[in-house]
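Bear in mind that the values in this text are calculations on the coordinates, not laboratory data. As the structure is a computational prediction, the values presented were derived from the model and not from experiment. Every residue, glycine as well, gets a Cβ built from its backbone with ideal geometry; the counts of neighbours run over all protein chains shown.
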Amino acid sequence: MLRNVLVATTALAALSGCGGLDSHVQTDDFALGRVVVYRNGIAYYERRTTAVDDRLTLTVPQDKVDDFLKSLTVADARTGKTVPVGYPTRGASRGEDVDMTVSLPPGTHGELVLTYITDAPAWKPSYRVVVEGEQVKVQGWAIVDNTSGEDWQQVRVGVGASSALSFRYDLRSVVHVHRDLLGGGTAFAQAPPTGGATHAAPKPDPNGKLMLALDAAQLAPPPAPFDAPAADEEAPVAMRESVARAGRSRPAAAPATEDALGAVRAQASAMDARLQGLANQLRDRRDRVTVEGYSAAGEAEHLAAERAHRVRNRLIELGLAPDRVQVVAHAAVAGRNGGVELKVAEAPAQAAAGPETPVGESHFESDAPMTIPRGTSAMVAVLDAPAEGEVVYLYAPDGERGDARFAFKAVRFKNPTASTLEAGPVTVYGKARFIGEGLTEGIPPAATALIPFALDRQVVVEKAESSSDRIARIERVERGHLTAEVRHTRRTELTVTNRGHRAARVFLRHRIPDGWAQGEAPSVYEVQGEARLFSVELAAGTSKTVAIEAHTPLTRTVDLRTPAGIDLLRAHVAERPADAAFARAAEDLLRLHDAMNEARERIATLQAQDAQFAQRSGELTAQIRALAGARGGDRLRRHLEGKLAELADRQQKVTVQVVDQQEALMLARIRFQDAVAELTLGSGGPAVATRG
């Protein structure tokens, strides 16, 4: 009886991934005709043989039997129909190998095709992009490693990638199923089901892990109210005459010193640095962040929410998705100081994935058979085709290796194949010269890729950022503090300058995180994950400014006695809110605020005049003293003394005007404070505005 004998080190040596050839083996009996290597760590093998005496004997490594059995297919080479096979439950073992004699249906003759899969090193992609004028050619190679233990002689080699899963499964062992033994009419106990471990991911701690704690002293202080009186504004009205007779106005209250302002800035900077570090750590994760605010004993309860929302808003501005950050406000808790705590509850593992880039499919195969000796690697040409493309510039400041000032030179082309081009290095050539290198992520079929490869500093970008808030819905106005849902808008202005001698097309990459919506922006753009690519055409030596806005809802608690609170209320009133009573009360409050500002401006102007008069009076006094005893100086001295008297009269009038304006400011401030205290808006119901 003739047999086709193939040991593991030859026809199925690829299953073992190692080994050498035995001298007596005839490899032509199972000729290897095709190998396709995949990116998920497997390879597909196709062999041909001729059936003799209705059986084949195969030698398979012990640890590869399951892979072999679950993927083995035997088919008639002429008709393509599959052929059923039988195999021994337990084959003859020879050390690490198993001899398996496969039986075929009686009368099976002719050429057979055997296919199976086994593990193999993943192939590696490498690309070339050749740019010549307005034309782009894309070339691709697959680096394939032959670690199978046999030479691949004149084999058609292919590579592929897909989302297909590969696993091990026991098909060789005999499985016995237990059955209950029943007796006629005999009662029996029913066995309970078998217990087992759950496969669900463990639930995260509902309270979350404490990541950061800041007490009130470590938080950046909120804006100070502007209705606190200065020292000379507290002067009783009865003192006006005596002040006027003195001919001098009191000096204004000393402004905050530079040391005090520096301390405030340092405190805000320290808090921001800690929040920046936490935001960088959490930005690409899906964990839930809870900001818990606390008010200390004796403090107003609204401070807990105000502190928590202030920290939440800053985390969102630093890139965290708004739907991942929630706020919890606590009233005064015994033994706890005012401040905030940031806690993080880890998301389930499956929710912590990165950007949901689709996994495409690809398949490339060499045009002609090739030989790859064992233990060597080969570059298999998989792509060489013209493509739609051009050389452009890409400004990507938020990338891993981005530049905040200059745009990268980049090649932009459309995938000319029906397969996904796997992620890999890209070498860019010009006309017979090297011009740069880059990296690409996976490029789906017919998709457009944008790959930076050089930084020539010909395109410079100046960036300016600003933000603004507009009230979308007022939740509560109570005791001078307004809590509202605001539409927080972040505006980025990019001024792009082409310093080169040729026209340039520049793509501006701008990230819009989850939870943010695009506002004002150029109407033409491409989407790249969370980012938008906005195109700008620039002639040589010209500049253009592009404005891009994004907005998200935030909750803010502001003091209506601060500039931020008044600005927010003024913008809301300008949009004519539906609650007419609240709108009228808010308008009265704004008028009183404007009256205070006008009084302050008049006082500042009058005090500046008074300072000029005082300076001139000092100069005249010095000149008069210098003329004392001088011959012929009497006439000039009398003239200067007249000027000094006139100046003193004018200065006295200015002083009286200052006192009048201080009195007007005091009255406006008291009315403003009363209006702030009376302005209320209930939560969850219709607006209520009351005025004293």
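For the stretch 580-678, take the convex hull of the Cα atoms, compute a quarter of its surface area, and give me that in nm², please.
Hull-based average projected area comes out at 7.0 nm².
Quick one: Karplus J couplings for the stretch 501-517, per residue in order, coefficients 6.51, -1.76, 1.60, θ = phi - 60°, nearest Hz, x for Gly and Pro?
Each residue's phi maps through the Karplus curve to give 9, 10, 4, 9, 9, 10, 9, 9, 8, 10, 7, 10, x, 4, x, 9, 10 Hz.
What does the charge count around Glu520 come to, taking other residues whose C-beta lies under 12 Å from its C-beta (Lys +1, Arg +1, Asp -1, Glu -1)?
Here the charged neighbours net out to 0.
How would you order 654-665, 129-140 from highest to lowest mean count of nearby Cβ atoms within 10 Å?
Top of the packing list down: 654-665, 129-140.
May I ask you to derive the relative contact order of the stretch 459-574, considering only C-alpha pairs under 8 Å and at least 6 residues apart, and to give it as an integer percent?
Result for the stretch 459-574 is 33 percent.
Over what distance in Å are the Cα centres of the stretch 517-545 and the stretch 303-321 separated?
29
I need the fraction of alpha carbon pairs in the stretch 511-662 separated by more than 20 Å, rounded to a whole percent.
On the way: 8470 of 11476 pairs.
Counting every Cα pair in the stretch 511-662, those more than 20 Å apart make up 74 percent.
Just how many % of Cα pairs in the stretch 368-439 lie over 19 Å apart, if you round to the nearest whole percent?
Summing the P(r) of the stretch 368-439 above 19 Å gives 54 percent of all pairs.
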